[in-house]
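Nothing in this text is a laboratory measurement; each read-out follows from the coordinates by a stated rule. Predicted, not measured: the structure shown is a model, and the values here were computed from it. Cβ coordinates were reconstructed from backbone atoms using ideal geometry, including for glycine residues, and neighbour counts include every protein chain displayed.
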Amino acid sequence: MKVVAISVTEGGRQLAERLPFERVHGDLGTTVRRRWSEVDAFVLFLATGAAVRIIAPLLDDKTTDPAVVCVDQAGHFAVALCGGHAAGANDLARDVAGLLGARPVVTTATDAVGIAGFDVRPGLVAQGDVAGATVALLDGRRAEAMVSDELVALEPGRVVLRPATLVLGVGCSTCATTEEIVALVDGTLAEAGLAPASVAEVATIDRRLDHPAVTGLGLPVRGYAADELAAVEVPNPSRIVADAVGTPSVCEAAALLAAGEDAELVVPKRTSTTATVAVARRSRPRGRLSLVGLGPGGPLLRTPAAAIAVRRAEVVIGYGPYLDQCADLLSPAQEIVRSPIGDEVVRAKQSLAWAAAGHSVAMVCSGDAGVYGMASIVLELADEVPDVKVDVVPGVTAALAAAAVLGAPLGHDHAAISLSDLLTPWDTIERRLRAVAEADLVVSLYNPRSRGRHWQLSRAVELLREHRSTTTPVGIVTDAGRPDQRLVITTLDELDAAMVGMTTCVVVGSSTSRLVNGRMVTPRGYRS
């Protein structure tokens, strides 16, 4: 999403500098008019009345207009001015508010009363009289809505929600053009009475995976080897195709393979001069599970990819405090599944089960899901559900957040060790601590101390002292990246375990680590 933040006053400029977007300071009106059609959203540090006068002549259609968010001079409010759902202004207002410590102002009726709008249902595309059906819903009247991948009459008051159930199988010659394939696809779908909005992806032979005519359809493309396609029974095999590419079918076989188990070939092979198309219907949408690292705390250190993954999910599952950490990303349209601490295996199996049922799922973790998080156990269990696609969305892990606060303690080789012996025997942890100490590595200590584990940190310090000077710098960062962040820089000899809790990351320097202007630094050796 391409966002431009524009300011006209010095106060607005200072606020804009806190946002991770392109920033422009100066003639706001000229910039908006010149760039209206080339960006996805504007954040205007301007009064809403002035903003309305600037954008009013530019407004055309909510499906194509960019989102506009206004922020007041004091940075108290982030107002979604236009493009609430269609362009993402409501979500952008929440993001900007989180980054500035402001209050999001969202006036979209369904958002205001906590009702899931028809046009924000994850996994579904709304068509028809969305506005009329929404008004009926808000007024407590019956709203007509149906879920279908078939073309139906879009009557007043009716909303049709399109599920991602169709897969296009495509075969083509080297000389095929995008125009030819688009015309073939459009004609095939129209003749079969199928909605283009329900087409989830394109499937083809692997040698055509990057063909411009295939990628030109603007959909995700999946490729299969010839031997995989040849193993699929199809109604219209071709000896000519088999001799040319090693499989008697490309479009029909690819569509069926991509649609998964129990798929139905709803449109057999259709041909043009240099291309073939077939359509398969999934018995259920293909499930997807995203393992999302939310970062250490506030939205400022949360990646855009993490926010997108959570917002697009139909089901969001996680340990309760982690769900609270991303509450600004959740909506009434989503199924929210809270899980208590200690139920990690159950949580992993739940998330995979939701995805196996055809849902888009986000499992949220603090920090990075792959660093002492849920990614490992989920991926261990994922072999049992091979039809689920699992993605890992990285986040800023505690050691990196703490290091940024301290300065540059991880500037050279370093290690991370968890002091929790709930899953790892303490003897193993001690061996690793000794190895790190002897190797003279900076070490970040995760899970250093809790109410039930109060002696492990002191023992770790004893082991590190065997190979470290008592004056080795130690950084203690609690709640890194959160409003109540606390920082102490001390030495290995003076480290007070009472200052450390479960939300603390302890960074112990190496023999070369030192303090430079109050910042902890481990030189890489560039100056020498």
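Quick check: net charge around Ile429, other residues with Cβ under 14 Å of its Cβ, Lys/Arg +1 and Asp/Glu -1? Could you put the intermediate results ahead of the total?
Values: positive: Arg431, Arg432, Arg434, Arg449, Arg453, Arg459; negative: Asp421, Asp427, Glu430, Glu462.
Net charge in that neighbourhood comes out at +2.
Determine the dipole magnitude for the chain: charges of +1 sit on the beta-carbon of Lys and Arg, -1 on that of Asp and Glu, nothing else is charged, the reference point is the Cα centre, and the result goes in debye to the nearest 20.
On the way: 49 positive and 60 negative charges, 264 e Å.
The calculation lands at about 1260 debye.
If you bin every alpha carbon distance in the stretch 405-521 into 10 Å steps from zero, what whole percent lands in each bin?
Calculated P(r), rounded to whole percents: 14, 50, 32, 4.
State, in angstrom, two size descriptors of the stretch 327-440 derived from its alpha carbons: Rg to one decimal place and Dmax to the nearest whole number.
In order Rg, Dmax, the Cα atoms of the stretch 327-440 give 17.5, 53 Å.
Put +1 on the Cβ of each Lys and Arg and -1 on the Cβ of each Asp and Glu in the chain; which of Ser510, Pro237, Ala398 then has its Cα farthest toward the positive end of the dipole?
Result: Ser510, furthest along the dipole toward the positive end.
Would you mind telling me the antiparallel percentage of the DSSP bridges in the stretch 166-281, rounded to 5?
Working: 12 of 20 bridges.
Around 60 percent antiparallel, to the nearest 5.
How large is the charge dipole for the stretch 482-521, taken about the Cα centre, if only the Cβ atoms of Lys, Arg (+1) and Asp, Glu (-1) carry charge, to the nearest 20 debye?
Numbers: 4 positive and 4 negative charges, 48 e Å.
The calculated dipole for the stretch 482-521 is roughly 220 debye.
Between beta-carbons, use under 11 Å as the cut-off and find the net charge around Gly157, counting Lys and Arg +1, Asp and Glu -1.
On the way: positive: Arg141, Arg142, Arg158; negative: Asp129, Glu144, Glu155.
Neighbour charge sum, excluding Gly157 itself: 0.
Which order do Phe42, Phe77, Phe21 fall in if you start with the one that has the fewest other Cβ atoms within 10 Å?
Details: Phe42 30, Phe77 17, Phe21 20.
With the fewest neighbours first, Phe42, Phe77, Phe21 line up as Phe77, Phe21, Phe42.
Find out how many positive minus negative residues lie around Val477, taking Lys and Arg as positive, Asp and Glu as negative, among other residues whose Cβ is under 15 Å from that of Val477.
Details: positive: Arg449, Arg482, Arg486, Arg519; negative: Asp479, Asp484, Asp496.
Once all neighbours under 15 Å are counted, the net charge is +1.
Along the Cα→Cβ direction, 7 angstrom out, place labels at His76 and Asp484. What is the inter-label distance in nm?
Label-label distance for His76 and Asp484, simple model: 2.7 nm.
For the stretch 139-294, which semi-axes, largest first and in whole Å, follow from the square roots of 5 times the eigenvalues of its Cα gyration tensor? Spell out each step's value before the answer.
Details: eigenvalues 179, 65, 44 Å².
That gives 30, 18, 15 Å for the three semi-axes.
Where does each of 211-217, 500-506, 34-40 land if you order them by average Cβ count within 10 Å, highest first?
On the way: 211-217: 17.3, 500-506: 20.7, 34-40: 13.6.
Those peptides, ordered most packed to least, come out 500-506, 211-217, 34-40.
If you take every DSSP beta bridge whose two residues both sit in the chain, what share of them, in percent to the nearest 5, is antiparallel?
Working: 40 of 94 bridges.
Roughly 45 percent of the beta bridges in the chain run antiparallel, per DSSP.
Contact order normalised by length for the chain, with contacts defined as Cα pairs under 8 Å and 6 or more residues apart; what percent is it? Mind showing how you got there, number by number?
Values: 1135 pairs, mean separation 46.2, N = 528.
Contact order relative to length: 9 percent.
Please list the non-local residues whose amide H lies under 5 Å from the amide H of Ala203, H modeled 1.01 Å from N, same-chain partners needing a gap of 5 or more.
The answer is Leu168, Gly169, Val170, Arg222.
Which angle from 0 to 90°, rounded to the nearest 10, does the C-alpha axis of helix 89-100 make with the longest principal axis of the chain?
Compared with the principal axis, the helix lies near 10 degrees.
Please give the helix 178-192 orientation as an angle from the longest Cα principal axis of the chain, in degrees from 0 to 90, rounded to the nearest 10.
On a 0 to 90 degree scale, this one is about 70.
Starting from the 7 Å offset along Cα-to-Cβ, what nm value, one decimal, do you get for the label separation of Thr107 and Arg431?
6.6
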